[in-house]
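Before any comments, here is the structure.
The values are calculated or read from the model by the stated rules, or taken from the named source; none is laboratory data. Predicted, not measured: the structure shown is a model, and the values here were computed from it. Neighbour counts are summed over all protein chains in view; Cβ atoms, including those assigned to glycine, are modelled from backbone coordinates with ideal geometry. For accessibility, only protein heavy atoms count, side chains too; no ligands or nucleic acids. Shrake-Rupley method; radii C 1.70, N 1.55, O 1.52, S 1.80 Å.
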Amino acid sequence: MALKAEIRMAASLIRLHFHDCFVNGCDASVLLDGADSEKLSISNANSARGFEVVDTIKAAVESACPGVVSCADILTLAARESVYMTGGPMWRVALGRKDGLVANQSSANNLPSPFEPLDAIIAKFQAVGLNVTDVVALSGAHTFRQAKCDLFRNRLFNFTGQGSPDATLETTLLSDLRTVCPIGGNGNVTAPLDRNSTDVFDNNYFKNLLQGKGLLSSDQILFSSDLAVNTTKRLVEAYSQSQSLFFRDFTCSMIRMGGIMNPINGSSGEVRKNCRVINN
């Protein structure tokens with residue numbers, strides 16, 4: 001079991017599913033190799049993980065039932081199991097996706113970024129048919145996973161351009177993170193997105209935001225930004241108080257995300273034999 005070997009893989013598989021569905025719909029385009037692959041995009045290069053896990057699952061499925069189960073369905077199911085096996089909810093996954101024939105590196109370069117303001121992030125969700133509730137609920141997947149220093153160091157020292165850190169970052173966490181990610185340090189060093197329960201799927205992520213302990217700027221702005229007052233703050237507060245409500249909305253959002261842009265089905269697309277390349 002991949003998760004028994006490395007529990008962090010659960011978060012990596014959820015992230016792969018998210019990055020797949022936001023580009024061309026949930027068609028496993030993120031799994032394709034090649035010079036123009038989504039793997040080499042700004043959002044995925046040197047950070048996306050879990051490809052070998054999907055390869056292993058695909059090989060086992062092909063051995064038992066060749067040509068039937070798509071890589072897109074495998075990735076969707078792997079994300080669901082990753083949530084459930086780390087303490088999160090279970091839901092029924094609609095199946096029947098086909099695998100796409102092309103990658104879209106340019107779109108992968110434009111995935112929601114931890115450096116963007118809240119209005120830009122909301123707009124990117126709305127562009128693929130998702131809403132503000134989906135923004136907050138799906139951000140809750142940051143209840144586990146690690147993030148590299150390069151993704152949040154801007155908050156630690158010169159966030160304002162005048163030598164000051166991000167004022168919304170809790171002071172003890174700020175001090176700790178400056179030790180982990182000093183100026184000029186290795187940008188690939190990681191810190192947990194949710195240090196209270198690093199390997200468990202729960203609602204502690206939202207409790208952290210109320211205390212100024214969101215790691216990424218894109219996390220904390222869900223509670224602390226001016227725009228949040230009339231958009232996302234209420235949901236953060238509600239999820240911090242009710243894990244069952246978070247689980248319910250997260251489940252609905254994952255199902256909606258799994259249907260972004262009507263994933264390829266019917267006569268379009270194919271069931272890849274190897275998730276990394278289209279069939280000959």
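Observations
- Considering only residues in segment 173-198 that are part of a loop (DSSP other than H, G, I, E, B), of a type in the set (A, V, I, L, M) and farther than 10 Å from residue 149 by Cβ, the one that is nearest to the chain's Cα centre (by Cα) turns out to be 193.
Here's the yes/no breakdown for (1) more than 17 Å from residue 273 (Cα to Cα); (2) assigned by the TED database to the domain that holds residue 18; (3) not basic (Lys, Arg):
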site: 53; (1), (2), (3): no, yes, yes
site: 67; (1), (2), (3): no, yes, yes
site: 70; (1), (2), (3): no, yes, yes
site: 79; (1), (2), (3): yes, yes, yes
site: 89; (1), (2), (3): yes, yes, yes
site: 98; (1), (2), (3): no, yes, no
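- Candidate set: segment 40-66, residues that are closer than 22 Å to residue 15 by Cβ and hydroxyl-bearing (Ser, Thr, Tyr); chosen: the one surrounded by the fewest Cβ atoms within 10 Å (Cβ to Cβ): 56
- Any hit, segment 144-161, residues being closer than 27 Å to residue 9 by Cα, in the same structural domain as residue 218 (by the TED database), free of Cβ contacts under 8 Å to residues at least 24 places away in the same chain and open to solvent by 50 Å² or more (accessible area, probe 1.4 Å): no
- Each residue in segment 26-76 was checked for being of a type in the set (A, V, I, L, M, F, W, C), part of a loop (DSSP other than H, G, I, E, B) and either touching a residue at least 24 places away in the same chain (Cβ under 8 Å) or under 25 Å from residue 146 (Cβ atoms) (or both), and 8 pass.
- Members of segment 72-88 that are among the hydroxyl-bearing types (Ser, Thr, Tyr), within 14 Å of residue 202 (Cα to Cα) and within 15 Å of the chain's Cα centre (by Cα): 82
- Among the helices (runs of 4 or more DSSP H) confined to segment 88-141, the ones with at least 1 residues that are open to solvent by less than 30 Å² (accessible area, probe 1.4 Å), within 17 Å of residue 249 (Cα to Cα) and β-branched (Val, Ile, Thr) are located at 118-127, 132-139.
- Looking at segment 199-251, the helices (runs of 4 or more DSSP H) lying wholly inside it that each contain 1 or more residues that are among the aromatic types (Phe, Trp, Tyr), in contact with a helix residue (DSSP H, G or I) (Cβ under 6 Å, 6 or more places away or on another chain) and farther than 24 Å from residue 157 by Cβ sit at 204-210, 233-241.
- Residues that are open to solvent by 10 Å² or more (accessible area, probe 1.4 Å), of a type in the set (Ser, Thr, Tyr), within 22 Å of residue 24 (Cα to Cα) and modelled with pLDDT under 95 are absent from segment 194-213 altogether.
Residue-by-condition table, conditions (1) hydrophobic (A, V, I, L, M, F, W, C); (2) within 26 Å of residue 46 (Cβ to Cβ):
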residue: 130; (1), (2): yes, no
residue: 142; (1), (2): no, yes
residue: 145; (1), (2): no, yes
residue: 166; (1), (2): no, yes
residue: 170; (1), (2): no, no
residue: 194; (1), (2): no, yes
residue: 234; (1), (2): no, no
